[in-house]
Amino acid sequence: MSGSYLREIAPQIGAGLGFREVHLWQGNPSTAIDTDVLSEDEKQRASRYRFSEHRAAFMASRSATRTLLAGYLNCRSRDIRFGYGPFGKPVIAQPSTQLTFNLSHSGNRMLIAVARELELGVDIEFEMGCRFTDAISTSMTCSEQARIEQAPLFFREKLLLRYWTQKEAFLKAVGVGLSFPLTSLHVEFHGAGKTTIRAIEPTRSICLYGQEIDCGRSYIGALVVDPAVSLCHFQF
């Protein structure tokens, strides 16, 4: 779908966003690209990418994000100003708003989650060609490693990515990035794609709710949010 479609539909859907609700968008960001909406800082960041495909992916994801959020904020895409947390989590600095969001892209797919006053995180990974097997010992708990190693060989990488995306989305939700050891996160899978992710620290324990996201063939997606909320899916 084109950027003009996203500009048209986002305000209508955004007006219906309630509290304790998450709007989850997914699609191909390159269909909504409009470099005119990017800030000078974003254009400079894009120019620093060595490979053209990485540069194009960055511009497409930022363009789609700005176009979508502008519909929720009832402002021009180029008027949005982003701020960043200590570990790089983006937030809306201007205009003043209760809106929160998070995004992730891989290959030609993108996830954008939007809510009000909720800390959330999303992650999407392209399954084909990913080789995370070497990361099992440094990213999985002992019980998670055992489950992966006991799984059929053809299913191990998919299972590892299911764990990985949940942990990545958790870290993005709490805003600490990969500075937090993944082996301190324990993921439990429940029915209907529901998950819980627990972070065990010396002085406290954090538990958030997760959801596995159907992102189509060869992609695995995850959403983590606190607390459990209703979830609405949209395509662009």
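For Thr100, the residues 5 or more places off, or on other chains, whose built amide H falls under 5 Å of its own are Ala115, Arg116, Glu117, Leu118. Evaluated with a Cβ-only charge set (Lys, Arg +1; Asp, Glu -1), segment 125-226 carries a dipole of roughly 60 debye about its Cα centre, given to the nearest 20.
In whole angstrom, how long is each semi-axis of the equivalent ellipsoid of the chain, when you take the square root of 5 times every eigenvalue of its Cα gyration tensor and sort them from largest down?
Values: eigenvalues 177, 79, 58 Å².
So the three semi-axes of the chain are 30, 20, 17 Å.
Across Gln44, Gln26, Gln211, mean-square fluctuation computed from a Gaussian network of the chain (C-alpha pairs under 10 Å connected) peaks at Gln44.
Given the C-alpha centroids of segment 48-120 and segment 132-193, what is the distance between them in whole angstrom? Cα centres, segment 48-120 to segment 132-193: 25 Å. Put in line by how crowded their Cβ is, counting other Cβ atoms within 10 Å and starting with the fewest, Ile9, Ile148, Ile220 read Ile9, Ile148, Ile220. Its alpha carbons considered, segment 125-226 gives a radius of gyration followed by a Dmax of 13.0, 41 Å.
Distances longer than 22 Å among the Cα atoms of segment 95-176: what percent of all pairs is that?
Working: 1179 of 3321 pairs.
Pairs farther apart than 22 Å: 36 percent.
For segment 1-106, the normalised intensity computed at q = 0.09, 0.12, 0.14, 0.22 Å⁻¹ comes to -0.22, -0.39, -0.54, -1.36 (log10 of I(q)/I(0), Debye sum over alpha carbons, equal scatterers, no solvent).
Membrane-span-like helices in the chain, defined here as complete DSSP H runs extending at least 30 Å along the helix axis by their C-alpha atoms with mean Kyte-Doolittle hydropathy no lower than -0.5, are 52-73, 153-174; this is a sequence and geometry rule, not a statement about a membrane.
So, counting K/R as plus one and D/E as minus one, what does the shell of residues with Cβ under 11 Å around Gly221 add up to? For residues surrounding Gly221, the net value is -4.
Rounded to the nearest 500, the 222 nm mean residue ellipticity of the chain from helices alone is -10500 deg cm²/dmol, with -39,500 (n - 2.57) taken per DSSP H run of at least 4 residues.
Using 1/(1 + (r/R0)^6) with R0 = 35 angstrom and r between the beta carbons of Glu8 and Ile206, what's the FRET efficiency to the nearest 0.05? Walk me through the intermediate numbers first.
On the way: r = 39 Å, r/R0 = 1.13.
Result of the calculation: an efficiency of 0.35.
Which net charge results when you count Lys and Arg as +1 and Asp and Glu as -1 among the other residues whose beta-carbon is under 14 Å from that of Pro95? Walk me through the numbers before you get to the answer.
Working: positive: Arg66, Arg76, Arg78, Arg81; negative: Asp79.
So the surrounding residues net to +3.
Within the straight-line cut-off of under 21 Å between alpha carbons, the lysines reachable from Lys89 are Lys43, Lys167, Lys172, sequence neighbours fewer than 8 places apart in one chain being disregarded. With neighbour counts taken as other beta-carbon atoms within 10 Å, the residues Val187, Val114 rank, fewest first, as Val187, Val114.
Just so you know, all these numbers are worked out from the coordinates, no wet-lab data involved. No experiment lies behind these values; they were computed from the predicted model shown. All Cβ positions, glycine included, derive from the backbone under ideal geometry; neighbour counts span all protein chains shown.
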